[in-house]
Amino acid sequence: MYKLLLILKYLRRKIAPMFAAMAVTLCTAMVIIVISVMGGFLDQMRETAKKLTADVTIGSDLGGFPYYDELVEEIRTVPQVKTATPIVKAYGLAKFLGGVYKIEVQGVRPDQIDAVIGFFDTLYWTKQHLTDEIERMSPDLRSRFGPFLERLAPRLDGRTLEAIDDWSDLPGIVMGIEVSPTNRRDSQGRYNVATSTLAKQVTLTVLPLTGQGGVLDPAVRTFVVVNEFKSGFYETDALRVYVPFEELQQMLQMDEAEQADPLTGEPTGQMIPARASEVLVRGHEGVDLAELRKAVDRKVLSVIKRHPDERLRIGSLTWEEVHGTLLKAVQNEKGLITFLFAIISVVAIVMVATTFSLIVFAKTRDIGVLRALGASRWGIANIFLGYGLAIGIVGSLAGMGLAYAIVTHLNEIQDLLDQWFGWRMWDPSIYFFDRIPDRVDPTEAAAIVVGSMVSSILGALIPAFLASRLNPVEALRYE
């Protein structure tokens, strides 16, 4: 009982231990804030990568593979599979607004790709969005761009990739919001419709390949921009464009065609089946990814056996494998930064050890009295270890509360800094995400709190040992 009374007495009447508790508070808060923000980045990247990528991607070499519709129908019979769709992929050049830019072109069937990756949810410009943009414009800009946007809004599509009625008979294209150099985010993360590529003409150039990997003459075709998309994944938004599946298939000469004699060039009467670059598969919610891939691979193998003469070379990857390098890099960075800040937090241990050492020297006579009254060495040590635990509990819980308040209000704090000093620590016009991650993981926070408590006990360990080793006779004579 005397141990608890002494611990509470020291906590109430000593100022020095409060500084040790403050050190524990700050170190705990610092580590929780860092690991929460870095963990938030990792979680956002995983969520965005999963959203943009099918659960399982079936692909081949650059020449693509035939019988993709047959494969899709087979895969859709798998109980774990929600849906599947073929796509055509190529890298090429896009010419628009007087410049030429490297791009990744995907030929898609909009309704099907939406069922797999939520394509429609990434479309940036909607009719309501354009209406809001018109209202936000200055009178000068409204007089210049208002009539254009009012005409465009009812015709805005992107869901069918069809041409904009009354504007052009060209096929539609959906551009990544960052592909165009004129698209820039403001301080609130918004894009200016006046500088977008909406209704602009884009000339695509791609290089077709034969099924055997041979290079054919470049294919050139003009499209009209029917929308832009913003996925939140900068590499995708700055590189990818979507066009109709059949249009790109024809450009790449991957559609069905009659085979020609290699010597005479005359038709042979035999048909070359159409090819696709990939088949994207979406599983049902909660399905095990490994089991889904195994089930899909069995269907792929059955199609390969059905067409032995084609020598199909088809493999599959899960979304985690597709983005494995990037996600692993961010995860390692999170671990490294957390480790570095944890090392810095050793200052809490040093602070507790220093404070308690001073208390031991200041309370030498009190320790002598307790020893003379019959307190054991272990009892004396327990006083200081309990003292260290009390400081760890107070400091770590206060640190967790402080960290939670800061992390969950980081974006509001940034807005205040911008309002008062004109400085933003996180500029959405530059960085990958529009907002700072503001979620605290309860498991990680609890682990850090427990670690802070253990650190406080470790800091009190040496002073407790020194106090327990004091000779009661010498301690009573201490001045």
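The values are calculated or read from the model by the stated rules, or taken from the named source; none is laboratory data. From a predicted model like this one, the values you see are computed outputs, not experimental measurements. Neighbour counts run over all protein chains shown; Cβ positions are idealised from the backbone, glycine included. In case anyone asks, the SASA skips ligands and DNA or RNA and just uses the protein heavy atoms, side chains included. Shrake-Rupley method; radii C 1.70, N 1.55, O 1.52, S 1.80 Å.
Report, by residue number, each residue of the stretch 45-71 that is assigned to a helix (DSSP H, G or I) and open to solvent by 50 Å² or more (accessible area, probe 1.4 Å).
ARG46, GLU47, LYS50, LYS51, ASP69, GLU70, listed by residue number.
Would you be able to tell me the number of residues in the stretch 100-115 that are in a helix (DSSP H, G or I) and of a type in the set (A, V, I, L, M)?
Total satisfying the criteria: 2.
Could you tell me which numbered condition ARG313 fails, if it satisfies all but one of (1) among the basic types (Lys, Arg); (2) within 37 Å of the chain's Cα centre (by Cα); (3) open to solvent by 70 Å² or more (accessible area, probe 1.4 Å); (4) modelled with pLDDT of 85 or more?
(4)
Restricting attention to the stretch 169-179, does a residue exist that is modelled with pLDDT under 85 and open to solvent by 60 Å² or more (accessible area, probe 1.4 Å)?
Yes.
List the number of the failed condition for GLU74; all other conditions in (1) open to solvent by 20 Å² or more (accessible area, probe 1.4 Å); (2) farther than 21 Å from PRO273 by Cβ; (3) modelled with pLDDT of 90 or more hold.
Against the list (1) open to solvent by 20 Å² or more (accessible area, probe 1.4 Å); (2) farther than 21 Å from PRO273 by Cβ; (3) modelled with pLDDT of 90 or more, GLU74 comes up short only on (2).
Does the stretch 111-128 hold any residues that are of a type outside the set (S, T, N, Q) and either without any contact (Cβ under 8 Å) to a residue 60 or more places away in the chain or open to solvent by 50 Å² or more (accessible area, probe 1.4 Å) (or both), and which are they?
Across the stretch 111-128, the qualifying residues are ASP111, ASP114, PHE120, ASP121, LYS127.
Among (1) closer than 20 Å to LYS334 by Cα; (2) among the hydroxyl-bearing types (Ser, Thr, Tyr); (3) modelled with pLDDT under 75; (4) assigned to a helix (DSSP H, G or I), where does TYR431 come up short?
(4)
Consider THR28 against the criteria (1) more than 25 Å from GLU321 (Cα to Cα); (2) β-branched (Val, Ile, Thr); (3) within 26 Å of the chain's Cα centre (by Cα); (4) open to solvent by 10 Å² or more (accessible area, probe 1.4 Å): it satisfies all of them except one. Which criterion is unmet?
It is condition (4) that THR28 fails.
Picking from THR57, THR25, which residue would you name as being modelled with pLDDT of 85 or more, more than 30 Å from HIS284 (Cα to Cα) and among the β-branched types (Val, Ile, Thr)?
THR25
Of all residues in the stretch 77-99, count the ones that are surrounded by 21 or more Cβ atoms within 10 Å (Cβ to Cβ) and closer than 30 Å to SER180 by Cα.
Residues in the stretch 77-99 being surrounded by 21 or more Cβ atoms within 10 Å (Cβ to Cβ) and closer than 30 Å to SER180 by Cα: 7 in total.
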